[in-house]
1. Scanning the stretch 67-94 for residues that are within 21 Å of residue 127 (Cβ to Cβ) and out of contact with any strand residue (DSSP E or B) (no Cβ under 8 Å at 6 or more places or on another chain), which turns out surrounded by the fewest Cβ atoms within 10 Å (Cβ to Cβ)?
2. Assess whether residue 61 counts as being surrounded by 10 or more Cβ atoms within 10 Å (Cβ to Cβ), out of contact with any helix residue (DSSP H, G or I) (no Cβ under 9 Å at 6 or more places or on another chain), at pLDDT below 95 and not in a helix (DSSP H, G or I).
3. Mind checking which pairs have a first residue in the stretch 84-109 that is on the phi > 0 side of the Ramachandran plot and touching a residue at least 24 places away in the same chain (Cβ under 8 Å) and a second that is crowded, with 17+ Cβ neighbours inside 10 Å and in a strand (DSSP E or B), Cβ under 6 Å, 6 or more apart or different chains?
4. Name the single residue, out of those in the stretch 18-53 being under 18 Å from residue 118 (Cβ atoms) and free of Cβ contacts under 8 Å to residues at least 60 places away in the same chain, that is nearest to the chain's Cα centre (by Cα).
């Protein structure tokens, strides 16, 4: 037969186990919540990196075409590639000489919905004298 003291001790232990279980579950929930936040942020940053990489490829392609399809002239050209809009701006950035004229060519790519440029490239091209 158990005494009242033993019954009280058993009830106290049961309450203590319950409290410890709740504390462990709370700690587990906090750790899992933090892990979920880290994974979500990582996926978002990966998507941003892929978007910028694609924009950089579009910019490089547009820059490679500048002056190769038609002679360099001052002005701007715009186009769209998928969800990205590119803008090629060409301006003289040096005096003409016997070799040709120096042009500054800038390509910027942004999302068609707007916002800041995802990629911007700038170079100088020499247009032959005509």
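1. Among those residues, the one meeting the criterion is 69.
2. no
3. 100/127
4. Step one: of the stretch 18-53, the residues under 18 Å from residue 118 (Cβ atoms) are 44-53.
Filter again for free of Cβ contacts under 8 Å to residues at least 60 places away in the same chain, leaving 44-50, 53.
On the way: 44: 8, 45: 6, 46: 7, 47: 6, 48: 2, 49: 4, 50: 7, 53: 8 Å.
This residue is 48.
The values are calculated or read from the model by the stated rules, or taken from the named source; none is laboratory data. Just so it is clear, the model here is predicted, and its values are computed rather than measured. Positions of Cβ are backbone-derived with ideal geometry, glycine not excepted, and every protein chain shown enters the neighbour counts.
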